[in-house]
Structures are given as structure tokens and as C-alpha cells.
Amino acid sequence: MSEFFCGALGIGVGSLQARVDHVQSFRLTGRTERVTLRLWKMLQNCMKRMIKPIQTDDNGSGIELRGGGNHSGLSFDDISSTLALERAWRKFARGKHGRPDVAQFEVGLDENLAALRDELLGGTYTHGSYVPFIVHDPKRRQIHKASVRDRVVHQAVVSAVEPSFERQFIFDSYSCRVGKGTHAGVLRLQHMLRRESLNGTRGVYALKCDVRRYFASIDHEVLISLIAGRVRDEKVLWLVRDILLSHGAEVGCGIPLGNVTSQLFANIYLHELDWFAKQRLGVRYYLRYCDDVVVVSADRQYLLGLVESFSWFLGCQLKLRLHPDKTTVRTFEQGVDFLGYVVKPHAVLLRKTTRQRMLGRIAARNLSSYLGLCSHANAYRLSQAVQTVAWQGCNEVTDGVQWS
């Protein structure tokens, strides 16, 4: 582990230890020596906190013990109080006041929030049913829509619980987090590829992994145990369990697409893989967006070995599987497809299917959105074609256009 920290700092463990021995032997007091001693103590403290024992169960599967006793001070009042519910309502209703179900709930807002508070405090709250519907964007997905009442509770839970987990998430986790997102993830991947390739002077590879049917495969009991590791309030855990069991209770797994809680639960669940990759395996260039994982390295065999390690961990610890058709290793020159963009040594391009879908849907009403999408890529010609298609209302001008 010390090699990992010192590698990140660009120094060797042996040279740092020799420097410390030299300082201690001659009792030097210069600024450099003081900084060296302070750095060494910092590394020792970090390693003590981050190296945790691994226990094994009767089957020999590793059970990783993390944490070190750091638990949040979260209480049920942070979710069920009148102030918490009012804040959750304002955050949930932003931009939705014109929708019929939201407007109907808002007519008797004070009474509805008071009744919801009483149910939560009395322990009689029960999550309602969902309304399923299908979207194609572009993949076919089934979305489950909860009632307004339940979505206010979802928002209150996320607002209260998320800060406790946000502090432990790794820097390079980009899904549904403040200050992160798809564009930040693509820029970070470009930075990693350039660093590892020494600005394009040597070959570099990118391993891309995808979890098979991720949201539908999240195990309820495993997720509850992960949340209980940080949250000790029994009423909060009761409410979280009630939300989880509102979908997929008969099979014991799955969280619905459409809940704001699902975004947080998905990050909590795969944070275990992040920890395993960064702290157990010492992977340097690793980033994740939801269930899409990318690792960058100049060693192709090293990346292929990581596939086996990731598969073992996901299967034994999280009851997940990598998608065999979506686990690939590509070179920087070929381009790394990530979050709708293709990152190449000298450009970031929009994915071909994204371009085609854009040109098929472009109109004056959504022109600004698509131009914003183009602004995050090297897509000047494409942005010009998009504007032409939008204002002329036809697609003939797209023939023969170069998309670089």
C-alpha cells in the first residue's frame, strides 16, 4: 500500500525511508527535513486507516471489512420533521408544478405533508405501488413512477442520507453527484489517457466494463447491510427497507429506474467495487459512471487480469456479473467509447449513434440542447449541420457532411 501512495506522489518508498533515516540520524532541522518527517507520518496514518483485514466465510469467500467505526449522526427527525419534509417538497417539485399529480398534491400541501409526517412518526407509513411505463432513449427501459407522496419521502431520505456516504465516495465516481456528471467524466477520462500515454508518445489501453442488468440485480440484503454500516438509526433503516421492498420484494433484488433513491443506492452498492479497485488492487487510473467502469493502463495483460479480479469480487461480494459482450479493451488510437462520446488522442467526438439520433430528432425547440451537447466535443461541422437541419426542417443537407 505504501508503494501505491508514494507512486501517486512520484517518489519511491525506499528513498523516502532513507531520507527519514538520514534526518533522524543527524537530527537536521531544515524545512525540507521537517516536511519529509511530516510526509512519512501522514503516509503511515493513511495506511493504518485504509488497510483492513479480510475475513473468510465457510466457503472461503473473502468478506471485506471496511469503515473503522465511522458512523453518521443521522436521526429519523432529519427525514420526518416538518422542516425536512418541506425542504424535500421544494426540491422535488422544482420544475414540476405544472404536472397534474403534483398540482393536485399541492392544493392541500400543508395537510398532505402533515399527514405524511404523522405516518412516518407513527410507523404506519407504507410505500405505495408504481405506475410502469416504457421509454426508448435509445435502449428500451422500463421506468417505475411512484406517487407524489412517496417521491417526497424519497427526496427526504436522499437529502438526509446522501451526505453520510458522499464523504466516502471516491473522487472518480461521476454518476448523480454534485459537481460530477457525464461531461466531467469524459474530461477526466481524456486526462487519464493523456497522462498514461505521456501525451500520446506511447501506446495505452482502456478496459471498459459494464455490469449485466445492474439495477435489476442489486441484492436487497447486501444493500441494507452496506447502508447499516453507516446509518445506525433503526427507524431510518426501517424506512429504507420499506422503500427497497416496494419493488422486487418477491425475488429479493432489484431497484426501480425512476426513484431518486435508486441513484443513491446504486452509488452505495458499487462503491464497494471502487474501494476494492483503488485500495485492494491499487488501480491508479480508474473511473466509474453508474455501472460503467473504465481503467486505463499501458499494460494490456494487466487490464485483462483486472477483468478476472472484478468478476470475482462482483460475484462473491455483490452478487453481480459483468456483461460479457460489453467488456472490451481498446487502444487510445482506436478511441474509447464512454458516455456517448469517443475519446481519441487529438479529439473528443460524439458517438456515431448519438449523431444519428440527434439529426433524426433535431427541431427548433431542442436546438439549444443539441448545440450544448456538441459544445463538449470537437464537433464544429456537426453543430453547423444541426443548425441547418433545425432551421430548414429537413434532413437532406446531412448527406456528405464530415463529422469531425
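The values are calculated or read from the model by the stated rules, or taken from the named source; none is laboratory data. These numbers come from a predicted model, not from an experiment. Every residue, glycine among them, receives a Cβ derived from its backbone with ideal geometry; neighbour counts consider all protein chains shown. Accessible surface is based on the protein model in full, side chains and every heavy atom, while ligands, DNA and RNA are left aside. Shrake-Rupley method; radii C 1.70, N 1.55, O 1.52, S 1.80 Å.
Observations on the structure shown:
- Lone qualifier among Y302, Y341 - being among the aromatic types (F, W, Y) and without any contact (Cβ under 8 Å) to a residue 24 or more places away in the chain: Y302
Each row is one residue, and each column tells you yes or no for (1) among the hydroxyl-bearing types (S, T, Y); (2) closer than 25 Å to T328 by Cβ; (3) open to solvent by 10 Å² or more (accessible area, probe 1.4 Å).
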site: N259; (1), (2), (3): no, no, no
site: Q263; (1), (2), (3): no, no, yes
site: L273; (1), (2), (3): no, yes, no
site: K278; (1), (2), (3): no, yes, yes
site: R284; (1), (2), (3): no, yes, yes
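- The set of residues from region 211-244 being open to solvent by 30 Å² or more (accessible area, probe 1.4 Å), within 27 Å of Y289 (Cβ to Cβ) and not in a helix (DSSP H, G or I) comprises R212, R213, G229, R230.
- Some residue of region 165-175 being within 19 Å of P256 (Cα to Cα), outside any helix (DSSP H, G or I) and either in contact (Cβ under 8 Å) with a residue 12 or more places away in the chain or of a type in the set (A, V, I, L, M) (or both): yes
- Qualifying residue in region 153-175 (condition: within 29 Å of V294 (Cα to Cα), crowded, with 17+ Cβ neighbours inside 10 Å and in contact with a Cys (Cβ under 6 Å, 6 or more places away or on another chain)): yes
- Of the residues making up region 364-381, those that are over 30 Å from E196 (Cα atoms) and open to solvent by less than 20 Å² (accessible area, probe 1.4 Å) number 1.
- Each residue in region 189-210 was checked for being open to solvent by 10 Å² or more (accessible area, probe 1.4 Å) and assigned to a helix (DSSP H, G or I), and 5 of them qualify.
- Unique match (being within 23 Å of R151 (Cβ to Cβ), in contact (Cβ under 8 Å) with a residue 12 or more places away in the chain, open to solvent by 20 Å² or more (accessible area, probe 1.4 Å) and not basic (K, R)) among H323, H247, H346: H247
- Any hit, region 161-180, residues being among the hydroxyl-bearing types (S, T, Y) and farther than 30 Å from F76 by Cβ: yes
- Applying the condition of being assigned to a helix (DSSP H, G or I) and touching a residue at least 12 places away in the same chain (Cβ under 8 Å) to region 308-320 and asking which residue is surrounded by the most Cβ atoms within 10 Å (Cβ to Cβ) yields F310.
- Within region 288-307, the residues that satisfy the criterion of being hydrophobic (A, V, I, L, M, F, W, C) and either surrounded by fewer than 22 Cβ atoms within 10 Å (Cβ to Cβ) or closer than 21 Å to L223 by Cβ (or both) are C290, V293, A298, L303, L304, L306, V307.
- Scanning region 261-289 for residues that are touching a helix residue (DSSP H, G or I) at 6+ places or on another chain (Cβ under 6 Å) and either hydroxyl-bearing (S, T, Y) or on the phi > 0 side of the Ramachandran plot (or both) turns up T261, Y269, G282, Y285, Y286, Y289.
- Matching option when the condition is over 30 Å from H127 (Cα atoms), at pLDDT below 95, part of a helix (DSSP H, G or I) and out of contact with any Asp or Glu (no Cβ under 9 Å at 6 or more places or on another chain), among Q279, Q263: Q279
- Selection status of K139, loosely packed, with under 15 Cβ neighbours inside 10 Å, out of contact with any Leu (no Cβ under 6 Å at 6 or more places or on another chain), free of Cβ contacts under 8 Å to residues at least 12 places away in the same chain and among the charged types (D, E, K, R): yes
- Scanning region 282-298 for residues that are of a type in the set (D, E) and over 16 Å from V336 (Cβ atoms) yields one hit, D291.
- Residues located in region 88-106, provided they are in contact (Cβ under 8 Å) with a residue 24 or more places away in the chain and surrounded by fewer than 11 Cβ atoms within 10 Å (Cβ to Cβ): none
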